[in-house]
Each structure stands twice: as structure tokens, then as C-alpha cells.
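Visitor: There's a structure below that I have some questions on.
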Amino acid sequence: MKFYAIIVAGGSGNRMQAALPKQFLPLQGKPILMHTMEAFHACGLSPEIIIVLNIHQHQFWEQLCQKHNFPIPHQLVSGGEERFHSVKSGLQFIKGDGIVAVHDAVRPLVSRDLIQRCFQAAEAKGNAVPGVPPTDSIRRISVSGKSEAMSRNMVALIQTPQTFGVKLLKKAYTQPFRNDFTDDASVVEYMGTEINVIEGERSNIKITYQEDIAIAGFHITKKASE
């Protein structure tokens, strides 16, 4: 079986209040995106890695790879207006069949184990999406502003990598873009396919705010000392 990883790196860094897009911010001495790529490269399944970046960031990324002597082979692809279009662009570079994982570039703490489990579950069931139960109380907010309590057992916080059979995901991405396509699972689900949620990891955080850099650094240091 052939495995692929599309790593979507379209973040602008606005919520970080940073001059650099999030995927390029330094984490333990190298860009966040490099940590993410290393996790997939080391997962044991040798996935072909496709990086989707804004066309105006390609040269800067290549300079970073030279600066850090970054050896992991990858295909660099131009991104689109929305995440939907970026993933669709990455899929065009997959010519054969297999299993493809789509992952946020700014989730650098994803473990080799989770990557493997997502690939293996998608190979067995057609798709696999990691999720974790919320620890906070949940309330549903209506359009009018009225709220009502919900059971935490009824919801999951969805992460990446979201993993699918290549043919399935390519077919899903022939659909026209919709604003409620918030991730790959929503695109596939709109086509009528049931989504399989598997156990994710609480440490698999998405770098969004400045404090997330410190949290990620703590996890990396802790892991290195184990």
C-alpha cells in the first residue's frame, strides 16, 4: 500500500500577532513545519510528503531548508484561496491509489503512533479522523442566543491527520466549495460517507496563539528527556 501525507501550511499568523506565518515560527530551534514533517517521515510507513504553501512563500521555505540543512524529501505545491482549495491542489499531485493523510502544518506534536493508527484505520475502514472528548462543559447556542447544556459524551474535538482512501478523497473534492467545509471530514461527509472517529491525543495541539509555542516546547523537552 502506498501512503501519502498532504501537510497544509496556509496560516498567516494573525492571531499570533507575528510577522511570520505560524508554520515558519521557531520551535526548539527550527520552524514548526519541520517538526511536523519529521513526525511523518519517522512514522515507519514512509509516506510521500506533499507540502502546500502560498506561492509567495516557496522561496522563503527553500531558504529555510538550506539554512537548517533540512533533508526530508517533499513535493512543494501552491496553495489556494481556502483550505479546501489547498487540499484539492495537493491531491492533484497524487497519481496512484493508496491512503492519504491531510494534516495541519501547525500540529507539530503529532506522534508516530497516531499517524500510524490513522493510516491503518483508514486502510481498514476507508477513513479515520482523530478526536478527543472535551474536558469543559458544553452548551449549544442557538441563533437567538439561547443556550442549552449538552452531554460531553455526545461530542468530540476533532484533530488531524484526517486520513482517507485516495479515490474517496479525490471524489469528495470534486464537489463545489461550501463555507461549511471546515475540514476534510466535512467534505467527505457531505458526499454521504460515514466518518470513523478514532482516539486522538491531547498533546496533538494546534499552534494558534503565542502561548501555544511555550506549551509545545514543554512537550518536546519532556519527550526528549524520557
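The values are calculated or read from the model by the stated rules, or taken from the named source; none is laboratory data. The structure displayed is predicted, hence computed values, not measured ones. Positions of Cβ are backbone-derived with ideal geometry, glycine not excepted, and every protein chain shown enters the neighbour counts.
Visitor: Considering only residues that are part of a strand (DSSP E or B), exposed (fewer than 13 other Cβ atoms within 10 Å of the Cβ) and not small (Gly, Ala, Ser), which ones fall in segment 139-151?
Guide: 139, 140, 141, 148
Visitor: From the list 165, 131, 145, 217, exactly one residue is modelled with pLDDT under 95 and within 21 Å of the chain's Cα centre (by Cα). Which is it?
Guide: It is 217.
Visitor: Sticking with this one: Within the bounds of segment 89-103, is there any residue that is touching a residue at least 60 places away in the same chain (Cβ under 8 Å), assigned to a helix (DSSP H, G or I) and within 23 Å of residue 207 (Cα to Cα)?
Guide: yes
Visitor: From the list 97, 113, exactly one residue is of a type in the set (Asp, Glu) and within 29 Å of residue 29 (Cβ to Cβ). Which is it?
Guide: So the residue among 97, 113 that is of a type in the set (Asp, Glu) and within 29 Å of residue 29 (Cβ to Cβ) is 113.
Visitor: Here's something else I'd like to know. Among the residues of segment 53-72, are any aliphatic (A, V, I, L, M), touching a residue at least 12 places away in the same chain (Cβ under 8 Å) and more than 30 Å from residue 120 (Cβ to Cβ)?
Guide: Yes.
Visitor: Any residue in segment 196-203 that is among the charged types (D, E, K, R) and in a strand (DSSP E or B)?
Guide: Yes, there is a match, as at least one residue in segment 196-203 is among the charged types (D, E, K, R) and in a strand (DSSP E or B).
Visitor: Tell me the residue from 188, 110 that is over 14 Å from residue 87 (Cβ atoms) and surrounded by 19 or more Cβ atoms within 10 Å (Cβ to Cβ), please.
Guide: 110
Visitor: Which of the residues that make up segment 152-173 are more than 15 Å from residue 196 (Cβ to Cβ) and assigned to a loop (DSSP other than H, G, I, E, B)?
Guide: Across segment 152-173, the qualifying residues are 155, 173.
Visitor: Need the failing condition index for residue 124 against (1) aliphatic (A, V, I, L, M); (2) at pLDDT 95 or above; (3) in a helix (DSSP H, G or I); (4) in contact with a helix residue (DSSP H, G or I) (Cβ under 9 Å, 6 or more places away or on another chain), just the number.
Guide: The one condition residue 124 does not meet is (4).
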